[in-house]
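Take a look at the structure below.
The values are calculated or read from the model by the stated rules, or taken from the named source; none is laboratory data. What you see is a predicted model, and the numbers here were worked out from it, not measured in a lab. Neighbour counts are summed over all protein chains in view; Cβ atoms, including those assigned to glycine, are modelled from backbone coordinates with ideal geometry. Remember, those area values only see protein heavy atoms, side chains included, never the ligands or the DNA or RNA. Shrake-Rupley method; radii C 1.70, N 1.55, O 1.52, S 1.80 Å.
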Amino acid sequence: MPSSNPLPPKENALFKRILKSYEHKQYKNGLKFAKQILSNPKYQEHGETLAMKGLTLNCLGRKEEAYEYVRRGLRNDLKSHVCWHVYGLLQRSDKKYDEAIKCYRNALKWDKDNIQILRDLSLLQIQMRDLEGYRDTRYQLLMLRPTQRASWIGYAVSFHLLEDYKNALSILDTFLDQQQRLNNFDYEHSELLLYQNMVIQESGDLKQALKHLETFSDQIVDKLTLKENLADLNLKLENWERSEQLYEELIQRNPENTIYYEKMIEAKRLTKDSDIVEFYSNYDIKFPRAMPPKRLSLNYASGDQFKALVDKYMQKALSKGVPPLFVDLRSLYRDQQKVQIIQDLALGYLTSLNKVNKFSETETSNGPKEPASAILWVYYYLAQHFDYLNQTEKALEYIETAIHHTPTLIELFVTKGRINKHAGDPIEAYRCLDEAQAMDTADRYINSKCAKYMLRANLIKEAEDTCAKFTREGVSAMENLNEMQCMWFQTECALAYQRLGKFGEALKKCHEVDRHFSEIIEDQFDFHTYCMRKMTLRSYVGLLRLEDVLRGHPFYFKAAKCAIEVYLHLFDSPLKNENAEQEMNTENLAPSELKKLRNKQRKAKKKAEQESAQAREAQVKRDQHHKSRQQGDVEADAPQLDELIPDKLARVDDPLDNAIKFLQPLQTLARDQIDTHLMAFEVYYRKRKILLMLQSIKRAHQVDASHPKLHSCFIRFLQEVKENQHTFDPSVSQVITSEMKSLLTTKDPKVLNKEFLDRHKRSLRAALEGGLVMYKLDEKSQKDALNLVTPSNIEVKYQDVDIEICTEILKCLRNGLFGTNVQSQMDSFVAHCRKLFPHAEAFKPPREVTVQPQTNHVIESDSN
Amino acid sequence: MADDDPVNGTSDENSEKSQQKKQAKYDSGAADLEKVTDYAEEKEISNQNVANAISAIGDRRNQAALEKQAREKELLKVSIRKEDVDLIVKEMEISRPKAERTLRENHGNVVNALTSLTN
C-alpha cells in the first residue's frame, strides 16, 4: 500500500481492523482502533487513520467533526489515495457530487488502477450524466476486471446511453457468447436477452430484432413481454397475419387490455368505422365479460348504431350502479350528436323508470323490474351531464333530486360540490365536500378531495386540519405532508397563498415541491449498482430516461408556474418595508386620527409579537418532541438544506433570476406548453433581454401562432425594439430584423393590432388582448377599447365567454389597465356577468363574498 | 480482489444505509430498500477468449475516440472573436463554453450563432 507514512505491522493490523469495522458498521469499534493508533505519539498525525476516523464519525452523524478529521488527515498525507477517496466519500454523502468527482480523480492520480475508486467514480459520473466520462471509466474497469460480469454489462450500457448501438451490441454479443457456453439460462439471462433486444430495436434494425427474439425465445422466461414484443415487431414489419395471430393470443390471455385490440385493428388494417364496430362486436360475443369491446366500439359507432350500443351500455351500468359511468363516457362528448343521443336516452330512462320501473316503457311485459337505485344513478348521471354542458341550474336540480332520493350517498355531495366549483362558487363547493367528508371520515379519498376544495376556497388552516386526520401524530400535518412529498397539497396551498397575497408562503410551498423533485433525482443513486447487479437493465435504462425529464412532469409545471408568477409580481411591486408603508399612510391624516392609528398599530404589533412568541414556543416543543421520538437514531448524513423562510423568500433581491431557475427546466422539458414561453417572455421583458424575448416569441409562435397572449408579447416586443434600437449591437439588430420579417407582416403596432382583432372577431380572449393594446397605444381610444371587451351583448358577440375570461376582464378594469373613469362601465359589466353566472363568486357584491366559513363540527383542534 | 483495498466494497453504500435506517420505522418497504444497497460479490465469468474480445473492443473504442477528436479539432480550428463570445453570453445568458461552441459551430458568424440560439 503506497503511503508516504507507512505504519509498522502492529499499527497496520489495527488500521485494517478500522476498515473492517467500517465495512461491518461497527463504528464504535472503528473509533476504538483509531484511538489506539492515534494515541501513539509517533502516529498521532497519521493521515489515513485520521481520515478513516472522520469517515466513521460521519456515519455516526457527527458531520462537523468528520470534516475536520478528514481534512486534517488529507493535509498530513496529500499523496494518499485513501485520504482522497475518503474525502470524496464524505462529499458524496453530502450530495456535493462535483466535488466528490474531483476527489476521486485526485485519488486515482496516486493509485490509477484502484477498482473501488473507479467504481465509485463511475457511479457519480452516471448520476451526473457525464456519459463519456462514464464510458471511459467503465472501459478501465473492464480492462482491469475482464472476468467480471458487471464490467461487461456496465461498458455495454455506457455505449447504449451514448446511442452508440453498434458498440453496445458487439459487447453484449461477446459477453452473451460466453454465457451461452455455460448453458446457464436463468431469469437474469432472460432479462439480459430482452435488454439486448431493446438495444437492437432502438438501433432501428427491426428485422434483426425479430430474428433475435425468435432465436432466443426458449431462453426468455418473461413470456408476456416476449409475446408483446414479437407481436409489435411483426406489426411494425408489416407481417400482418403473424402479428394478428399473436395479438389474438394476447387477447385470449387478457381480454381487458385495450392496447391489444387497437393493435389488432392495425394488423387487420381496418380503417372504416363500421368495420371496427363489427370487429368489436365479434369480440363482445367471444368475451362477454370483457369491457374493452363494449366500450371501445362506442368511439367508432354513430347514429342509430351508436344509440343501440350506448343504450345497452348505459342500462347495464345504471342498473348495476357504476358510479364512474359519466367519467367513462365523457370522452364521447366531443361529438355533439353523441351528446344529444345520450341525453335523450337518459331523460327517457327517467320517464320510464318513474312510470314502470324499467328503462323502457315498451318492454313492460317481459323481464324483471329495475332495482330502486337505478333511478338514483340516472339522476346522478344527468347532474354530471348537465354540469359538463355548463347548464348549472339543471345540474343542481338533478343532484338535489338525487340527494332527496338518497341522502346518504357520498358521491352525490362530491358532485354537488363539483357543480358549484364549475359555477365559480368555491365556498359552497367546499361546504358540500365537507358534508361528504363528514359522512365517512375514514375515507381518505374524500378527505383529500375535501382538503383540496378547502384550499380552492383559500381556507388553508381548515385544509391542514382536515388532512391531519390521516397524517402521522405528533408532527404538524403541514410538515408530515412535506415529508411524504404530497405535492398536490403543497401546490394547491401555494396557489391559495398566491390568491391571498401571501407571496412568501406561496414561494415556500413552491420551493418545497422543487426540492421533492431534486430528491427524486438523488434517489436514483442506489439503482446504479442495484440494477446492474440484478440485470434489470430495461427498467434501469427506463429509469434513467425518466429522471432526465423528471421536471417535465405536470406537478412541477404547476408549481413552477406559480413560483414564476409570484416572482414576476414581486418584481413589479416589491414588498415595501413595513415601517415605510406605515409612514406613507399617515401623511394626510388629522392628528387625532393619527393618534388612534398609532394606538391601533401598537396593539396590533403587540398581538403579533405575542402570537409569534407562542408559535416559537410551540416550535421548540415540537422539536423536542421530534427529537425524543428519534432518540438514539442518528440524524444521519442527509445534508441540511437552508430553511425556507417565507419572509426572506418574498424579499429576494433578484426575483427575476429566481424565476429563471424555475423556468429553465420548463424551457427544455415543457417546450410544447405555450405557457412556458409566455412566462419566459414576461421574465426577459422585465430583464430587457431583447434576443431572449425574441426567443420566447419564436418558440411560442411555433406552439400556437394564434394564442391571444402571444399578441401582446409581439406588441411589447415591437415597442421595445423601436425605443431602444439605437442601443443594440449591430449583430443583434441584424438578427432581429431578419427574424421579424419571417414572423410579422408589419412593424406598426397599430396596424398589427387591427389585423389581429379582425382575424379573431369571435374571441373574447383576443378582444381583451387587443383592447388592452388599443388603449395602451392611444388613450383616446378608451371608449372603443371598453366597448370591445364589455359589450352589452357579450355572450352573443363572442363564442368563448366563460367565468375565467370575464374575471380576468374585471381584474383588468379594476387595476386601471383601461384607464380611470370606468366605474359605470364596470358596474354594468359586473351586473351582466352576474346574470350570466349567478353562482360565480367573482361577480357577487363584496359583502356576500366575505362570508366567514362556519366553524364546523368535523374540524378537530390540532393535537399540538 | 479488492479485499485489501483500504476502502472496500461496502464503504460507499454504508452512508446510504444509515440514512435509510431511520426511515425504517415508518416504511414497511424499507426492508426491500435496504437490500438495494447490500453488498454482493461480483459474479465471475471465465473464458479464455476474453483477451481477444477485449482487444477488439479496445481497438474499436479508439477508432470512435479518434473520430470524435478529429471533429473537436475541426471545431477548434475555427477562429472566434472574444467580443462575439462576450456578446452571446450577455444577450443569451448562457455559459461561456456553450457560447464558444455555438459560435464555432456557426463558423464564427455571430449573427448566425445568435439566430440559432433564438430557436
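In peptide A:522-533, how many Cβ atoms from other protein chains are near each Cβ within 10 Å, on average? Working shown, then result.
Numbers: counts 0, 1, 0, 5, 7, 1, 0, 7, 7, 1, 1, 7.
For peptide A:522-533, the averaged partner shielding equals 3.
Would you mind checking the pairs A:Lys416/A:Lys461; A:Lys452/A:Lys508; A:Lys16/A:Lys96 and listing those with alpha carbons more than 25 angstrom apart?
Pairs exceeding the cut-off: A:Lys16/A:Lys96.
For A:Leu743 and A:Asp800 in the same chain, what is the full-extension length gain: residue separation times 0.36 nm, less their Cα-Cα distance, in nm?
Result for the pair: 17.9 nm of gain on full extension.
For a quick check of understanding: with a 1.4 angstrom probe and all protein chains in place, what accessible area in square angstrom does A:Asp177 have, to the nearest ten?
Its heavy atoms expose roughly 80 Å² to the probe.
Nearest 100 Å² is fine: what is the total accessible surface buried where chains A and B meet, probe 1.4 Å?
Its buried surface, counting both partners, is about 5900 Å².
With point charges of +1 on the Cβ of Lys and Arg and -1 on the Cβ of Asp and Glu, referenced to the Cα centre of the range A:9-185, which listed residue (A:Gln91, A:Ala150, A:Thr174) lies farthest in the positive direction of the dipole?
Checking the options against the dipole of the range A:9-185, the answer is A:Gln91.
Measure up A:Lys223/A:Lys534; A:Lys558/A:Lys747; A:Lys421/A:Lys558 against 27 Å on the Cα-Cα distance and list the ones that go over.
Those over the limit are A:Lys558/A:Lys747.
Across the range A:787-803, in residue order, what do the Karplus-derived ³J(HN,Hα) couplings come to in whole Hz, using 6.51 cos²θ - 1.76 cosθ + 1.60 with θ = phi - 60° and x for Gly and Pro?
Once θ is set to phi - 60°, the couplings for the range A:787-803 become 5, 5, 9, 10, x, 6, 9, 3, 6, 8, 5, 10, 9, 10, 7, 8, 4 Hz.
Determine the calculated [θ] at 222 nm for chain A from helices alone, applying -39500 (n - 2.57) to every DSSP H run no shorter than 4 residues and normalising by the residue count; nearest 500 deg cm²/dmol.
-23000 deg cm²/dmol
For A:Gln148, what residues show an amide H to amide H distance below 5 Å, using hydrogens built from the backbone and excluding near sequence neighbours?
Placed amide hydrogens put B:Ile45 under 5 Å from A:Gln148.
Quick one: what are the phi-derived ³J(HN,Hα) couplings along the range A:431-441, Karplus 6.51/-1.76/1.60 with θ = phi - 60°, whole Hz, x for glycine and proline?
4, 4, 5, 5, 5, 4, 5, 6, 6, 8, 6
Residue separation times 0.36 nm, minus the C-alpha to C-alpha distance between A:Leu224 and A:Glu400: what's the value?
Separation in residues times 0.36 nm, less the Cα-Cα distance, equals 58.5 nm.
Which three lengths, in whole Å and largest first, does the range A:340-393 cover when its Cα atoms are put on their principal axes?
38, 21, 13
Taking a 30 Å limit on the Cα-Cα distance, which of the listed pairs A:Lys661/A:Lys709; A:Lys394/A:Lys709; A:Lys268/A:Lys320; A:Lys95/A:Lys166; A:Lys576/A:Lys607 fall beyond it?
Result: A:Lys394/A:Lys709; A:Lys268/A:Lys320; A:Lys95/A:Lys166 exceed 30 Å.
Which value, to two decimals, describes the C-alpha radius of gyration of chain A once divided by 2.2 N^0.38 Å?
Dividing the Cα radius of gyration by 2.2 N^0.38 Å gives 1.18.
Pop out the carbon and sulfur fraction of the accessible area of chain A as a percent, whole number, probe 1.4 Å.
After summing per-atom areas, the C and S share lands at 50 percent.
Read phi for every residue in the range A:473-484 and hand back ³J(HN,Hα) as whole Hz from Karplus 6.51 cos²θ - 1.76 cosθ + 1.60, θ = phi - 60°, with x for Gly and Pro.
6, x, 10, 5, 4, 4, 5, 5, 5, 5, 4, 7
What residues of the range A:139-157 lose no less than 50 Å² of accessible area with every protein chain in place versus their chain by itself (probe 1.4 Å, heavy atoms only)?
By number: A:Tyr139, A:Thr147, A:Gln148, A:Arg149.
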